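This report refers to the structure that appears directly beneath it.
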Amino acid sequence: MKQFGLIGYPLSHSFSKKYFEDKFEKEGITDHRYDLFPIEHISALSELLHQTPHLCGLNVTIPHKINVMKQLDWISHDAKEVGAVNCIRISNESPVMAAFNGEVGINGHDFRLEGFNTDIYGFEMSLKPLLTNAHTKALILGNGGAANAVKYVLEQLDISYTVVVRKPAAGAILFDDLTNEHIAEHKLIINTTPVGTSPNVHECPSIPYEFITDEHLLYDLIYNPEQSLFLTKGKENGAAIKNGYEMLVLQAEKSWEIWNSKTKHP
């Protein structure tokens with residue numbers, strides 16, 4: 001039996017659990033399972049690992065994407081750059097074999113924990129096919145944890161960006177200060193806030209939608225509803241639109257690839 005799962009708190013809804021259960025059923029994988037592990041404090045991770053000996057990989061969601069990094073033995077370069085981990089690969093050897101292979105964890109445990117950020121891959125691969133020559137500048141709506149992976153990808157793609165926030169913050173502008181010039185100059189607009197998520201489907205980020213054109217691309221990390229009000233307003237003005245569902249699928253498949261990789265990291 002191989003076990004995988006999601007840690008975070010609270011875990012009232014999980015895309016990952018349904019996705020992987022459907023994947024296992026569709027691919028005839030009968031000796032794998034995916035469970036939810038609602039842990040309020042990251043200090044409970046060590047106990048979870050010892051109580052779940054068949055655990056081979058974890059996805060990580062809020063509020064642990066940052067504080068879990070202190071628990072890991074190795075972190076990928078891009079996860080370090082973003083400052084967040086949402087995927088952990090677990091090497092679960094006996095203490096004797098782990099010591100023989102140099103894989104006793106930095107915290108003295110007999111698990112080797114490797115951290116990755118699959119948000120980066122998911123966002124980049126879902127965004128790139130939609131980009132045109134007009135998309136040289138972006139507005140990032142929100143500056144929470146989800147925005148970090150977006151910033152990293154845009155930097156890698158040489159797309160400059162401006163962050164838009166509700167409250168004053170260094171290097172960002174306020175929603176109340178957005179003008180038609182901002183919208184005209186930034187043809188890529190990415191919503192990283194939860195505004196508009198079901199059941200609050202009648203809400204949307206406060207931007208001057210009337211200045212959006214058919215050169216714009218609106219990307220919403222929200223996937224429920226399938227078409228948020230943010231995307232609806234963009235589409236009404238001719239913009240290309242994209243929700244966050246494919247990003248989640250891509251990052252889930254990237255997690256699966258990582259968990260099944262035999263690559264050894266220093």
Which helices, taking whole DSSP H runs in the chain, have alpha carbons extending 15 angstrom or more along the helix axis plus mean Kyte-Doolittle at least -1.0? 145-156, 245-259
So what is the accessible area of the chain per residue, in Å², with the probe set to 1.4 Å? 50
Spatially proximal lysines relative to residue 80 (Cα-Cα < 19 Å; intrachain offsets below 8 disregarded): 65, 70, 151, 254, 264
Run the accessible area of the chain with a 1.4 Å probe and give the carbon-and-sulfur part as a rounded percent. 52
Where does region 1-53 land on the Kirkwood hydrodynamic radius, alpha-carbon pairs, in angstrom? 12.0
Distance cut-off 36 Å, percentage of C-alpha pairs in the chain lying past it: 20
What is region 122-247 by shape, rounded, prolate or oblate, if you read a ≥ b ≥ c off the alpha carbon gyration tensor as root eigenvalues and call it rounded for a/c under 1.5, prolate for a/b larger than b/c, and oblate otherwise? rounded
Using only alpha carbon pairs under 8 Å that are at least six residues apart, calculate the relative contact order of the chain and give it in whole percent. 15
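The values are calculated or read from the model by the stated rules, or taken from the named source; none is laboratory data. Since the structure is predicted, the reported quantities are computational estimates derived from the model, not experimental observations. Remember, those area values only see protein heavy atoms, side chains included, never the ligands or the DNA or RNA. Shrake-Rupley method; radii C 1.70, N 1.55, O 1.52, S 1.80 Å.
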